[in-house]
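A.B. asks: Could you have a look at this structure, given as structure tokens, before my questions?
Readers should treat all values here as calculations from the given coordinates under stated rules, not as data from a laboratory. Not measured: the values here are computed from a predicted model. Cβ atoms come from the backbone with ideal geometry, glycine included; neighbour counts cover every protein chain shown.
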Amino acid sequence: MRLADTAMYRSKKAGRNQFQFFSPEMNADVLQRLLLTSDLCQALEEEQFEVYYQPQVDLRTGSICGTEALLRWHHPKLGMVPPDQFIPLAEETGLIVPLGLWVLETACRLVNEWQGDLMIPLRLAVNLSAVQFRQDDLAEQVANILQKTQFSAALLELELTETMLMDQVERAQVIMEELKKMGVTLAIDDFGTGYSSLSYLKHFPIDRLKIDRSFVRELTINPADAAIVEAMIAMASRLGHEIIAEGVEEEGQAEFLFANGCYEIQGFFIGHPVAATDFSLRLQDQVGKIV
Ligand code: C2E
Ligand code: CA
Ligand code: CA
């Protein structure tokens, strides 16, 4: 019965209304999840997390205009565990709430230092989890961190997903208004992959759309992707939203985006997410070139 239960759990997770036969790998998966979950609970205390920074570039100037903070977990035995694997676990256990605040505070403090040292305004993008978004005191917590780190609210951009907004439309609106009042900007991450309703675009106070990398990947060879991206750029422009494309890996993709009016990009073509010291070197290099 226990093994059958494991198979049922897997079947539900795969989208329900289907069946799965038990296989020994499933047990190994469950065990792995359990082990990771218990390790995760100690990881924050034991300082195993690190924030990486990926550059966002304005193609009109060629300069870094922003950075996205991306969480990394250095597991003592397994090495680097990718966020896609541990963030769902952190969400299930609730650890994502303190962890998300830790990312925000760590990144605000550091980016503030860079801004001060190099005298450049640098936008900081931080991902919010749906679980954090459901906390009643989210805006208050963000305000506390801004105050504590002396980070300028106008340079903080919180990344939300379409699904988060559509889950509880009215509550989302209230929280977003609270954040906007503080001067924080809001971006829709993975734009075009979540909820298919476009009506939310006119109701929510959104500053920026982030074109998901699934549309960018084949931009130069797939006419359907090209058409979708062109339409997204036109829509953002008509609605008065800023736009940025993520997952840009090749020059051709950057050229297409520039030619069609999307000037900000993020992706391996510009730079991978890197540790703080490497990112600060890159910033210094850029400032050195301008001076
Ligand atoms: P995301 O927010 O969509 O972040 C972008 C992901 O795409 C990052 O993966 C980044 O390394 C990767 N990426 C960037 N440029 C390229 C590219 O040119 N090509 C390809 N193939 N990939 C690229 P990463 O760092 O593994 O993060 C995965 C996801 O984990 C993030 O997706 C985000 O949803 C979540 N995540 C990361 N850090 C945090 C965090 O602090 N809080 C929360 N709630 N979620 C986070
Ligand atoms: Ca993101
Ligand atoms: Ca994304």
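A.B. asks: Using the Kirkwood formula over every pair of different C-alpha atoms, what hydrodynamic radius in Å results for the chain?
C.D. replies: 20.6
A.B. asks: Let me ask something else about it. 7 Å from Cα along Cα→Cβ at both A130 and A28: what's the point-to-point distance in nm?
C.D. replies: 3.0
A.B. asks: Toward the positive end of the charge dipole of the stretch 48-290, about the Cα centre and with charges on Cβ (Lys, Arg +1; Asp, Glu -1), which of I96, V174, H203 goes farthest?
C.D. replies: Positive-most Cα among the choices belongs to V174.
A.B. asks: Sequence-distant or interchain residues sharing an amide H contact under 5 Å with L209, placed H: which?
C.D. replies: I188, E242, I243, I244
A.B. asks: Report, to the nearest 10°, how far helix 2-13 tilts away from the longest principal axis of the Cα atoms in the chain, using its own Cα long axis and a range of 0 to 90°.
C.D. replies: Relative to the chain, helix 2-13 is tipped by roughly 30 degrees.
A.B. asks: Taking the 0 to 90 degree range and rounding to the nearest ten, how far is the long axis of helix 24-43 tilted relative to the main principal axis of the chain, both from C-alpha atoms?
C.D. replies: Between helix and principal axis, roughly 60 degrees.
A.B. asks: Something else about it: Specify the inter-centroid distance of the stretch 49-73 and the stretch 198-248, based on alpha-carbon positions, in whole Å.
C.D. replies: Answer, in whole Å: 19.
A.B. asks: Please rank V142, V126, fewest neighbouring Cβ atoms within 10 Å first, as an exposure proxy.
C.D. replies: By the 10 Å Cβ count, ascending, the order reads V142, V126.
A.B. asks: Could you go through the stretch 142-150 in sequence order and give the Karplus-derived ³J(HN,Hα) for each residue, using 6.51 cos²θ - 1.76 cosθ + 1.60 with θ = phi - 60°, rounded to whole Hz, and x for Gly and Pro?
C.D. replies: 5, 4, 4, 5, 4, 5, 4, 9, 6
A.B. asks: Right, here's the next one. Might you report the magnitude of the Cβ-based charge dipole of the stretch 1-46 about its Cα centre, with Lys and Arg at +1 and Asp and Glu at -1, to the nearest 20 debye?
C.D. replies: 420
A.B. asks: Fewest Cβ neighbours within 10 Å first, please rank M8, M1 accordingly.
C.D. replies: Going from sparsest to densest Cβ surroundings: M1, M8.
A.B. asks: Step through the residues of the stretch 78-83 one at a time and calculate ³J(HN,Hα) from phi using the Karplus curve (6.51 cos²θ - 1.76 cosθ + 1.60, θ = phi - 60°), rounding each to whole Hz and writing x for Gly and Pro.
C.D. replies: 8, x, 6, 9, x, x
A.B. asks: To the nearest 0.05, what FRET efficiency results for E218 and A154 with a Förster distance of 51 Å applied to their C-beta separation?
C.D. replies: Once the sixth-power term is evaluated, E becomes 0.90.
A.B. asks: Let me ask something else about it. What order, most packed first, do the peptides 152-162, 67-77 have when packing is the mean number of other Cβ atoms within 10 Å of each residue?
C.D. replies: Result, highest mean Cβ count within 10 Å first: 152-162, 67-77.
A.B. asks: Moving to a separate point now. Nearest 500 deg cm²/dmol is fine: what mean residue ellipticity at 222 nm does the chain get from its DSSP H runs of n ≥ 4 alone, each adding -39,500 (n - 2.57), divided by its residue count?
C.D. replies: -16000 deg cm²/dmol
A.B. asks: Mind checking the angle between helix 223-239 and the chain's longest principal axis? C-alpha axes, 0 to 90 degrees, to the nearest 10.
C.D. replies: Tilt of helix 223-239: around 60 degrees.
A.B. asks: Which distance in Å, rounded to a whole number, links the C-alpha centroids of the stretch 122-180 and the stretch 80-94?
C.D. replies: Cα centres, the stretch 122-180 to the stretch 80-94: 20 Å.
A.B. asks: Gaussian network model of the chain, Cα springs within a sub-10 Å range: biggest mean-square fluctuation belongs to which of Y263, Y195, Y52?
C.D. replies: Per the Cα network of the chain with a 10 Å cutoff, Y195 tops the list.
A.B. asks: How big is the charge dipole of the stretch 79-167 about its Cα centre, in debye rounded to the nearest 20, if each Lys and Arg gets +1 on its Cβ and each Asp and Glu gets -1 on its Cβ?
C.D. replies: I would put it at about 280 debye.
A.B. asks: Also, quick follow-up: For the stretch 99-104, in order, what is each residue's ³J(HN,Hα) by Karplus, 6.51 cos²θ - 1.76 cosθ + 1.60 with θ = phi - 60°, in whole Hz (x at glycine and Pro)?
C.D. replies: 5, x, 5, 4, 4, 4
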